[in-house]
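See structure below.
The values are calculated or read from the model by the stated rules, or taken from the named source; none is laboratory data. This is a predicted model, so every value here is computed, not measured. With ideal geometry, Cβ positions are generated from the backbone for all residues, glycine too; neighbour counts draw on all protein chains shown. The area values use the complete protein model at the heavy-atom level, side chains included, leaving out ligands, DNA and RNA. Shrake-Rupley method; radii C 1.70, N 1.55, O 1.52, S 1.80 Å.
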Amino acid sequence: MVDYKNKIVTVEEALKLVKSNDQIVTGLGSSEGKAFLKQLHTIADRVTNVTVNNCLPMDTYEFFMNPEYAKNFGVDGWFYSPTLRKAHKHGNISFIPNNLHFAASKRFDHIHPNIYVGNGTYPDKHGFISLSLGNVYEKAAIEAADIVIIECNPNCPRTFGDVELHVDDVDYIIETDYAIPEIPDAEPNEKDLAIGKYIAEYIQDGDCIQLGIGGIPNAVAKSLYGKKNLGIHTEMLTSEMVKLAKAGVINGKCKQIHKGKMVAAFAMGTREMYDYMDNNPSIEILNGGYVNDPYTIMQNDNQVSINTTLEVDVTGQCCSESLGSVQFSGTGGQSDTAIGAQKSKGGRSFIALYSTAMVKNPATGEREEISKIVCQLKSGAAVSLSRNDLDYLVTEYGIVRLKGTTIRERVEKIISIAHPKFREQLMEEAIKIGIIYPRG
């Protein structure tokens, strides 16, 4: 058995390593160094301008939620979660624009990580720790960091792929025993199920699937139980994918690369999913720069990418990460997977959204229904997926294919799946602002 006891420190001892102006990197989502981050605010009396680089944080941390610490600690995030959205107004939170497969290489070309802290398993008899639930940028950060701290947690599943880290490459170990953050299964609503059914009709036996997170992707997954020999090459492994694997729908037999394996860059889901992943060689967690590279994605034939957006204009520009100029989430791998799927032989890419949303009218304070298909995106909106890269668009009112179409064709097709009460208004506005003109 490998002896690592000399590397064990308390959280308080690990925090003594932090200096003013340090750049700290923590793992994505369920891989974050929870014990360390929970107490980071306790050293505010001796440090300033410490930046934590994170992605989709799953917990509430005092160091960025409390405005009292805004001058001591900041967060630069690759993807916002509800906690970052709430704390954004404090002025010490900023988004890192990125496509996921470049998240590590571009960021670490810009900043040098002083400390990496994330969770993982205890070392095995050979001295290897498994980083468990993700390697989007984690190993790149570990290789670049001056100090590497791993929170060894018996609740982390031991996974395979590109997540092995030898204890000799770890500077300090914090022994922990907290529950790994989970995402409960989102139960699809009526709109989700309608959209899921439309998309499922385009998925064939033997296809290789990428799914995002939320009600719509879950509804798609629930519509796939009649399919056979599906594969998984995805940014995020989800609980619904595991259920399909358990049911024998997913086996990866038709994949061209990583045949028979479910491939992902990270995993977030239920405890049931984590237990299924534990010591399961059919699942490979690989480097995000590789998994989400469109060149890698295209190597599996019949790759299908399924993601969601917040708002789309009538020419096909998708805003999937901001509400106007206010950051809401992140680009993530949407562009990576959409382009990679379309470069795949027989591949398809789907972007889905509800046709409407209920929002508060700032003038009246009343909630009113608005169209999420618009002639022009909100002022300041981020274009997460270019109209050049939009293939299929789906709402609860139907599905349209936009690949190779003209602007006029796009306007007509996209408006045809808008909520019926907004269609005439959208066409009139498209003509009024010159997107198209009447013929004759």
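A compact table of results
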item: Whichever residue in the stretch 375-403 is open to solvent by less than 80 Å² (accessible area, probe 1.4 Å) and either of a type in the set (D, E) or without any contact (Cβ under 8 Å) to a residue 60 or more places away in the chain (or both) and, among such residues, is nearest to L193 (Cα to Cα); result: E396
item: Hey, G231 in a strand (DSSP E or B) and in contact with a Gly (Cβ under 9 Å, 6 or more places away or on another chain) or not; result: yes
item: Which listed residue is modelled with pLDDT of 95 or more and closer than 26 Å to S132 by Cβ, from N287, N302; result: N287
item: Test: residue in the stretch 53-72 that is at negative phi, open to solvent by less than 40 Å² (accessible area, probe 1.4 Å) and β-branched (V, I, T); result: no
item: Residue in the stretch 239-252 that is nearest to A194 (Cα to Cα), counting only those that are open to solvent by 10 Å² or more (accessible area, probe 1.4 Å) and part of a loop (DSSP other than H, G, I, E, B); result: A247
item: Selection within the stretch 1-39 - acidic (D, E) and either at pLDDT 95 or above or surrounded by 18 or more Cβ atoms within 10 Å (Cβ to Cβ) (or both); result: E12, E13, D22, E32
item: Residue count for the stretch 408-432, restricted to those that are open to solvent by 70 Å² or more (accessible area, probe 1.4 Å) and more than 15 Å from S371 (Cα to Cα); result: 4
item: Identity of the residue in the stretch 271-287, open to solvent by less than 40 Å² (accessible area, probe 1.4 Å) and assigned to a loop (DSSP other than H, G, I, E, B), that ends up nearest to I250 (Cα to Cα); result: S282
item: Selection count where residues are within 21 Å of G206 (Cα to Cα) and under 18 Å from the mean Cα position of the chain (by Cα), scope the stretch 284-295; result: 4
item: Number of positions in the stretch 337-374 that are under 17 Å from L390 (Cα atoms), open to solvent by 10 Å² or more (accessible area, probe 1.4 Å) and outside any loop (DSSP other than H, G, I, E, B); result: 5
item: Test: residue in the stretch 107-116 that is assigned to a helix (DSSP H, G or I) and of a type in the set (F, W, Y); result: yes
item: Any hit, the stretch 360-371, residues being more than 26 Å from Y202 (Cα to Cα) and in contact (Cβ under 8 Å) with a residue 12 or more places away in the chain; result: yes
item: Hits in the stretch 332-356 - residues which are closer than 20 Å to K372 by Cα and touching a Phe, Trp or Tyr at 6+ places or on another chain (Cβ under 8 Å); result: S349, F350, I351, S355, T356
item: Test: residue in the stretch 253-270 that is touching a His at 6+ places or on another chain (Cβ under 9 Å), open to solvent by 10 Å² or more (accessible area, probe 1.4 Å), on the phi > 0 side of the Ramachandran plot and touching a residue at least 12 places away in the same chain (Cβ under 8 Å); result: yes
item: G333 in contact (Cβ under 8 Å) with a residue 40 or more places away in the chain and either within 24 Å of the chain's Cα centre (by Cα) or surrounded by fewer than 19 Cβ atoms within 10 Å (Cβ to Cβ) (or both); result: yes
item: Set T337, T296: member being out of contact with any Asp or Glu (no Cβ under 9 Å at 6 or more places or on another chain) and modelled with pLDDT of 95 or more; result: T296
item: Lone unmet requirement of (1) of a type in the set (F, W, Y); (2) open to solvent by 30 Å² or more (accessible area, probe 1.4 Å); (3) in contact with a helix residue (DSSP H, G or I) (Cβ under 8 Å, 6 or more places away or on another chain) for Y122; result: (3)
item: I414 vs. criteria out of contact with any helix residue (DSSP H, G or I) (no Cβ under 6 Å at 6 or more places or on another chain), without any contact (Cβ under 8 Å) to a residue 12 or more places away in the chain, outside any strand (DSSP E or B) and among the hydrophobic types (A, V, I, L, M, F, W, C); result: no
item: For V359: the one exception among (1) more than 15 Å from C319 (Cβ to Cβ); (2) at pLDDT below 95; result: (1)
item: Selection status of Q303, farther than 18 Å from P97 by Cα and in contact with an Asp or Glu (Cβ under 6 Å, 6 or more places away or on another chain); result: no
